[in-house]
Amino acid sequence: MKKLLLVFSVALLVFSCQNDESDLEVTPAAFSIATKRSCATQDMLEIQLKNDPTLAQRLQEMELKNAKAMASGKLINGVLEIPVVFNVLYSTAAENVSLAQLQSQIDVLNADFQGTNSDYNSSNAYNSVRGALNVKFVIDQVIRKATTRTVWYSEDEFMKSASTGITATSPTTKLNYWVVSNLRRKSDNSQLLGYGKFPGTTTAALDGIVCGNYCTGTNGLAAAPYNLGRTATHEVGHWMNLRHIWGDANCGSDLVTDTPSHDAPNYGVPAAGLRSTCTGTPLEMYMNYMDYTDDKGMYMFSNGQASRMAAIFSSSGSRSSFR
Ligand SMILES: [Zn+2]
């Protein structure tokens, strides 16, 4: 029976290919909730590195500066307030996300970065290296714009241009957060939950983060398993210079010393005690915000990640203009 169904499906596919090519254009890009987490931050950096031959050198210089700032211990003095500008693009009334949904995202960012999230004390082997940051996110303004666009590709960045989207507001002193529906990677048309820009890697006009409307906040359009606001926690982590915990390579480096080597991203909610296949088979820190698990599976930054983030707000840091 299965074989018969397969033959039938293949026949149907061949038939539809021959008869309606426009369907092929539309169907793969139709909106649905992503089956697993995917973020385009690193892909976008790779594109930027290719287009700008001086970027790699500048990033290396930034790493040296950050290391100096971390060694000095002089990072953030007091609470650093980060004004957030929400840029909401919608093609239906339902996609015009409510202020309550946006505020719920701000609440999650504050809890997750300050270490006051309700799952912060979930017991795990890495409790002793949990880290928090003295930052407070506040809504600065919400800018809304109706659009006929029903799919947004990371590589195009159309959401950030005046003609097709909303231009960034004061990106050197405010975190711009674009909320869109049906975010995708153009190269393979795969679904994305979001992406952020690493500090010092982009023009101000493109700086900030982009997240899907169903993985923003905890109410309204927020949908399981991405309805605890952790997509933005992850993307703001990138915006504050954090890499993926597996270093975007098999047993790669995330440039943080107190996180273990991961062989690959984790999805869903991994079973307790999962070990990596990297040297020494360390216990993986799959509960870290910079992994790819479902929202309920991630609930901590490490100390090393927290000081790496704080370093970019130091007086010599690439986001010192936020001080
Ligand atoms: Zn990411």
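The values are calculated or read from the model by the stated rules, or taken from the named source; none is laboratory data. Remember, predicted model here, so these are calculated numbers, not experimental data. Backbone-built Cβ (ideal geometry, glycine too); neighbour counts: all protein chains shown. Just the protein is used for accessible areas: all its heavy atoms, side chains included, with ligands, DNA and RNA removed. Shrake-Rupley method; radii C 1.70, N 1.55, O 1.52, S 1.80 Å.
Here are some notes:
- Of the trypsin sites (Lys or Arg not before Pro) found in the range 225-276, not one falls in a DSSP loop while having at most 15 other beta-carbon atoms within 10 Å.
- Using alpha-carbon coordinates, inclination of helix 99-114 to the longest axis of the chain, degrees: 40
- Amide H to amide H distances under 5 Å link Asp291 with Ile245, where only residues 5 or more positions off or on other chains count and H is placed in the peptide plane.
- P(r) histogram, all alpha-carbon pairs of the chain included - 10 Å bins from 0, percent: 6, 26, 34, 23, 8, 3, 1
- Note that the range 64-129 shows a convex hull volume over its alpha carbon atoms of 189 Å³ per residue.
- Helix 230-239 vs. the chain, principal-axis angle (Cα, 0 to 90°, nearest 10): 60
- Here each label is just a point 7 Å from Cα along the line to Cβ, and for Leu274 and Arg323 those points are 3.9 nm apart.
- Accessible area in square angstrom per residue, the range 189-323, 1.4 angstrom probe: 30
- For the set Arg308, Arg130, the ranking by accessible area, highest first and with no ligand, DNA or RNA atoms included, is Arg130, Arg308 under a 1.4 Å probe.
- Distant-in-sequence amide H partners of Val135 (H built 1.01 Å from N, under 5 Å): Leu80
- Relative contact order (%) - the chain, alpha-carbon pairs under 8 angstrom, separation at least six: 21
- Positive-end residue of Thr148, Leu206, Ser32, charge dipole of the chain with Cβ unit charges: Leu206
- Our helix-only sum for the chain, with -39,500 (n - 2.57) per DSSP H run of n ≥ 4 divided by its residues, gives a mean residue ellipticity at 222 nm of -8500 deg cm²/dmol.
- The chain: antiparallel DSSP beta bridges as a percent of all, rounded to 5: 25
- Most mobile of Thr293, Thr92, Thr167 in a GNM of the chain (Cα contacts under 10 Å): Thr92
- Using a probe of 1.4 Å, the accessible surface attributed to Met70 totals some 70 Å² when neighbouring protein chains are kept in position.
- Assuming charge only on the beta carbon of Lys and Arg (+1) and of Asp and Glu (-1), the dipole of the chain about its Cα centre is about 540 debye to the nearest 20.
- Taking all protein chains together and a 1.4 Å probe, the residues Asp188, Asp140, Asp295 rank Asp188, Asp140, Asp295 from largest to smallest accessible area.
- Charge tally in the Cβ shell below 11 Å around Ala204, where Lys, Arg are +1 and Asp, Glu are -1, Ala204 excluded: +2
- Per atom type, the chain shows carbon and sulfur on 56% of its accessible surface, probed at 1.4 Å.
- For the range 158-219, a/c is not less than 1.5, where a ≥ b ≥ c are the root eigenvalues of the C-alpha gyration tensor, and a/b tops b/c. That puts it in the prolate class.
- Counting only Cβ charges, +1 for Lys and Arg and -1 for Asp and Glu, the dipole size of the range 87-185 around its Cα centre is about 160 debye.
- For the residues Thr218, Thr148, a 1.4 Å probe over the protein chains yields an accessible-area ranking, largest first, of Thr148, Thr218.
- Solvent-accessible area per residue for the range 32-159 (1.4 angstrom probe, square angstrom): 51
- Glu63 contributes an accessible area of around 50 Å² to the protein surface, as traced by a 1.4 Å probe with all chains present.
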